[in-house]
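Novice: This structure is in structure tokens; I'll ask about it shortly.
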Amino acid sequence: MKMKTDKSAAPKVALLFLLLALTMSATTAMAQQKKLFTLEDLNFGGNNYYNLLPKNMYLTWWGEQLMYQDAEEWGRVDVKTGTKTPLGSLDDVNAKLDKEKIVSAMNASFPYPDKPLVLLSNSRIRLLYNWQTKTVEWQCTAAGETERHWNAKSKTVAFVRDNQLCVTLADGTTRTLTTDGSREIVYGQAVHRNEFGIMEGMFWSNDGNRLAFYRMDQSMVTDYPQVNTAERIAEHEPDKYPMAGMTSHKVEVGVADIAKGSIVYLQTGDNTDRYFTNIAWAPDNKTIYMFELNRDQNDCSLVAYSAETGEKLETIYRERHPKYVEPLHPIVFLPKDKSRFIMQSRRDGYNHLYIVDLKKPVKETETKTSTGSCCTHHYQTKQVTQGKWEVSDLVGFDSKGRNAIILSNEHHPLQCNIFAVNTDNGKRRALDNGKGYHQARLSASGTLLYDKYSEPDVPRNIEVTDIATGKRNMILCADDPWKEYNVPTYSCGTIKAADDSTELYYRMVKPADFTPEKKYPTIVYVYGGPHAHNVDARWHWMSRSWETYMAQKGYIIFILDNRGSENRGSEFEQVTFRRLGQEEMKDQMRGVDFLRSLPYIDSERLGIHGWSYGGYMTISLMTNYPDVFKVGVAGGPVIDWKWYEVMYGERYMDTPESNADGYAMTSLLSKAKDLKGRLQIIIGMNDPTVVPQHALRFIDACTEAGTQPDFFVYPGEGHNMMGHKSVHLHERITQYFEDFLK
């Protein structure tokens, strides 16, 4: 019997299989499609941000043993393979404690190379735990401490409590060393508003028996009237803020003898309008060295004082410059020769190392360098490094003490590489792969270093280097955490500055689906000020995550490091002296000219964004070139330099009285009338760095001129938005460009 077939069913079956095939094809395509980023992925305040960072290891040294620090444990890292071996855990530690518990081992340190002791702490206790015997060998209270500094040799901690300078000895005894501390008399904290490399206010002697500290009298400094609006009735919470040309604070340096409980002050003379910085102890713990600077910041001296009496002993070195001298690094004595130390200076136009020999006094003579610096030596001084590149850090010394380990950009202005420098003859030996941007930390004796680095196409590598042989072992090679995402393209190039000779480096970020036949809205991201740069040889050419987000939305982002930014020598930086913003704008406009030359840039849709100095540059460019930029977002912008702080403002601008034309030229108040494009200004309402007066006065000037900026405020926030508010901020910035540029 033959089966009957329904000829009409065949097309239906074929159609069914076709639909099934199309469905499977679409499903496969969706599975292969790359993910899209959100700000929760990219912004540091985002919920998924840390999952998208390149894999890392948090490392420190225990003598010559490389150690890792994790949230709940610590252990040894094999310097050849990177294998981790746990040595202790917080569960072990907390089992020995009664009430207080240690909640993280991320700040664990190993202060004694020959003992299995880990130093752990929280806001209330500090302890040394022996992970071999599983016992707490030493413990003291830490409640109420701020600005705390613990010394491993004496086991004494210096700290501030209730505005007073205090110490807790190894036996747990606490002494209060001062009685007059207050909001106006400040002890043990960073002074001079963290300029001149100052990041802390207490400095232990090598043996832990004496403590040098800052005492700052700011009673004469004007209060800036910040307001706390979180209370039902807003409360006045002023900041001490010395504006350019106004009365500044006075600083003294004291030395506390811990055993005696006594204090002497360095006999610096009249401390009015003077800056004291880069405090360093001599190896014998009897002498203190520091750099002293006049208020004009053009005359700097290295001076030695007796730590026992406070008496001024002698001036070691003096440097003057027609623009400014900026000491940023304390002297460092050679480990094998206690009579010689390394000093860093930009006297030849680039930051380099010099060795001063205290055994070889010389007749006081003044020499003038080609850069305009006048230098006076009292001891034989030898330049160790030299060239049109900068030493960025002195990491330490090798085990024999003959070589200084440094970071510098000798290979390329965008790189930071590790070198061993012979302190006798200046010969240098590379200790890394010669590429990328490196960070290094030496083991206790200087035989090994760990090297964390990235390159434009390398998210993060960590190597351990043998200093003597130069042999390197890779202990971590991080995968690309963005490999599942639709990633833009990042490129780097150069253009000529407005002087037609200086090379400037830029970064460009293009959408992942970029095609040169299309025209793209383009945003210039800018900072432009000193002590910062935006482009270097790190992963993605140091691109900010927000640039990735905007490229994903179809924008091209362009970033240029203009003259005035860091790491390129004093001539490159000091071209802005007494006229901040002017040469920088010329260079940024060279960048705009370059963009306009590219067929895929929509010149009718140019935007600009920056924060702080970049906010100043954003408004400067929008008002000085009002027909160029259609949209801008300026965050925390300086508007007039006479409202900025003394130390920074006067270094680059002198005082409003001595440079009236410069201050008038660089003020944006007179430019309010020239605003054409859409401008959004965003500030933290309690910004202690660029005080709200800047933005408010500019808005007032705009109302008088009839121009219409937009304004948004984050109540209670400072100069930058913290935590998840940063996500909100970047959503707002993004939407502004989406609304008015795209």
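The values are calculated or read from the model by the stated rules, or taken from the named source; none is laboratory data. Just so it is clear, the model here is predicted, and its values are computed rather than measured. Glycine also receives a Cβ, built like all others from the backbone with ideal geometry; neighbour counts cover every protein chain displayed. Areas reflect the complete protein model, heavy atoms only, side chains present, ligands, DNA and RNA absent. Shrake-Rupley method; radii C 1.70, N 1.55, O 1.52, S 1.80 Å.
Novice: Using a cut-off of 17 Å between alpha-carbon atoms, which lysines can reach Lys435, once sequence neighbours fewer than 8 places away in the same chain are excluded?
Specialist: Lys452, Lys471
Novice: On to the next question. Take the Cα coordinates of the stretch 549-595, assign each an equal point scatterer, and use the Debye formula without solvent to give log10 I(q)/I(0) at q = 0.24 Å⁻¹.
Specialist: -0.85
Novice: Counting only protein heavy atoms, what percent of the accessible surface of the stretch 171-303 is carbon or sulfur at a 1.4 Å probe?
Specialist: On the way: 2470 of 5620 Å².
C and S atoms contribute 44 percent here.
Novice: Per residue, what accessible area does the stretch 372-503 have, given a 1.4 Å probe and all protein chains present, in Å²?
Specialist: 42
Novice: Could I ask something else about it? Based on the alpha carbons, how large is the Rg to Rh ratio for the stretch 392-479 when Rh follows Kirkwood? All intermediate terms of the calculation are to be shown ahead of the outcome.
Specialist: Details: Rg = 12.4 Å, Rh = 12.9 Å.
A ratio of 0.96.
Novice: Give me the dipole magnitude in Debye, nearest 20, for the chain about the Cα centre, with unit charges on the beta carbon: positive for Lys and Arg, negative for Asp and Glu.
Specialist: Working: 87 positive and 94 negative charges, 443 e Å.
For this selection, approximately 2120 debye.
Novice: What does the highest-first list of 613-621, 91-99, 689-697 look like by mean Cβ count within 10 Å?
Specialist: Numbers: 613-621: 27.1, 91-99: 11.9, 689-697: 20.4.
By packing density, highest mean first, the sequence is 613-621, 689-697, 91-99.
Novice: Whole Å is fine, so just give me how far the alpha carbon centre of the stretch 88-130 lies from that of the stretch 644-698.
Specialist: 48
Novice: Using a 1.4 Å probe over the heavy atoms of the protein chains, calculate the carbon and sulfur portion of the accessible area of the stretch 607-661 as a whole percent. Spell out each step's value before the answer.
Specialist: Details: 540 of 1120 Å².
With neighbouring chains kept in place, the figure for the stretch 607-661 is 48 percent.
Novice: Express the accessible area of the stretch 635-739 per residue in Å², computed with a 1.4 Å probe while the remaining protein chains stay in the model. Each step should come with its number before you reach the end.
Specialist: Details: 4000 Å² over 105 residues.
Averaged over the residues of the stretch 635-739, the accessible area is 38 Å².
Novice: Here's a follow-up. Highest mean first, how do 519-530, 54-65 rank when packing is the count of other Cβ atoms within 10 Å averaged over residues? If you can, show how the numbers build up before the last one.
Specialist: Numbers: 519-530: 23.7, 54-65: 16.4.
Ranking, from highest mean packing down: 519-530, 54-65.
Novice: Considering all alpha-carbon pairs of the stretch 232-319, what whole percent are spaced by more than 23 angstrom? Could you put the intermediate results ahead of the total?
Specialist: Working: 1382 of 3828 pairs.
Tail of the P(r) past 23 Å holds 36 percent of the pairs.
Novice: Find how many whole Å separate the alpha carbon centroid of the stretch 704-742 from the alpha carbon centroid of the stretch 34-49.
Specialist: A separation of 19 Å, based on Cα centres.
Novice: How large is Rg over Rh for the stretch 292-428, taking Rg from the Cα atoms and Rh as the Kirkwood inverse mean of 1/r across Cα pairs? Intermediate results must be reported in sequence, preceding the final value.
Specialist: On the way: Rg = 15.2 Å, Rh = 15.8 Å.
So for the stretch 292-428, dividing Rg by the Kirkwood Rh gives 0.96.
Novice: By Kyte-Doolittle mean hydropathy of at least -1.0 and Cα axial length of at least 30 Å, which whole DSSP H helices of the chain are selected?
Specialist: Counting only whole DSSP H runs, the qualifying helices are 9-32.
Novice: Rounded to the nearest whole Å², what accessible area per residue is found for the stretch 96-141 with the 1.4 Å probe?
Specialist: 53
Novice: First compute the accessible area of the stretch 668-742 with a 1.4 Å probe, then give the percent of it belonging to carbon and sulfur atoms.
Specialist: Working: 1740 of 3330 Å².
In the stretch 668-742, the share of accessible area belonging to carbon and sulfur is 52 percent.
Novice: Could you tell me which residue out of Ile559, Thr522, Val535 lies farthest along the dipole of the stretch 468-590 toward its positive end? Charges go on the beta carbon: Lys and Arg +1, Asp and Glu -1, centred on the Cα centre.
Specialist: Result: Thr522, furthest along the dipole toward the positive end.
Novice: Turning to a different aspect of this structure: Just the number, please: Stokes-Einstein D of the chain in µm²/s, Kirkwood Rh from C-alpha pairs, 10 °C, 1.306 mPa s.
Specialist: Values: Rh = 28.9 Å.
My calculation gives 55 µm²/s for D.
Novice: Normalising by the residue count of the stretch 328-429, find the relative contact order in percent from Cα pairs under 8 Å and 6+ residues apart. Write down the numbers at each step before the final one.
Specialist: On the way: 212 pairs, mean separation 19.0, N = 102.
The normalised contact order for the stretch 328-429 reaches 19 percent.
Novice: Another one. Kindly rank 407-416, 488-497, 119-128 from highest to lowest mean number of other beta carbons found within 10 Å of each residue. Working shown, then result.
Specialist: Numbers: 407-416: 20.5, 488-497: 16.3, 119-128: 17.9.
Those peptides, ordered most packed to least, come out 407-416, 119-128, 488-497.
Novice: So for the chain, averaging the separation of alpha carbon pairs under 8 Å that are six or more residues apart and normalising by length, what relative contact order in percent results? Spell out each step's value before the answer.
Specialist: Numbers: 1735 pairs, mean separation 65.8, N = 742.
Rounded, it is 9 percent for the chain.
Novice: If you don't mind, there's one more thing I want to ask. Among Ala705, Asn122, Gly446, whose Cα sits farthest toward the positive end of the charge dipole of the chain (+1 at Cβ of Lys/Arg, -1 at Cβ of Asp/Glu, about the Cα centre)?
Specialist: Gly446
Novice: Taking the Cβ of Ile185 as the center, what net charge do the other residues with Cβ under 9 Å away carry, scoring Lys and Arg +1 and Asp and Glu -1?
Specialist: That sum, taken over residues with Cβ under 9 Å, equals -1.
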